[in-house]
Amino acid sequence: MVYEIGSFIHDLRVERGYSQEELCYGICSTGNLSKIENGIRMPNRKTIEALMQRLGCEDVFLQFSSRIRVSKGY
């Protein structure tokens, strides 16, 4: 399955029971996370890696292109 990165982060965050504040603490602002989840802002690779690590999914395959997509394989 292919996700836009923001939708993937949102779905995984909700599934794992994190609030936006808990997930983004020390990584980015809540406003930035909201924009990422809603597809308004494109996160950089370092931010994605930090969020994925916090969510316990650092092994998720990320395909970088003009729009970041994620293959859900966890």
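For the reader, a short list of remarks on this structure follows.
- Our estimate of slack between residue 45 and residue 58, defined as 0.36 nm per intervening residue step minus the Cα-Cα distance, is 3.5 nm.
- 10 Å beta-carbon shell around residue 13, net charge (K/R +1, D/E -1): -2
- In order along the stretch 18-34, phi translates into HN-Hα couplings of 8, 7, 4, 4, 5, 5, 8, 3, x, 10, 7, 7, 4, x, 5, 4, 4 Hz, rounded to whole numbers, per the Karplus curve 6.51 cos²θ - 1.76 cosθ + 1.60 with θ = phi - 60° and x for Gly and Pro.
Read-outs throughout are calculated quantities, based only on the coordinates presented, and are distinct from any laboratory measurement. Note that the coordinates shown come from a computational prediction; the quantities given were computed from them, not determined experimentally. Cβ sites come from the backbone with ideal geometry, for glycine too, and all protein chains shown count toward neighbours.
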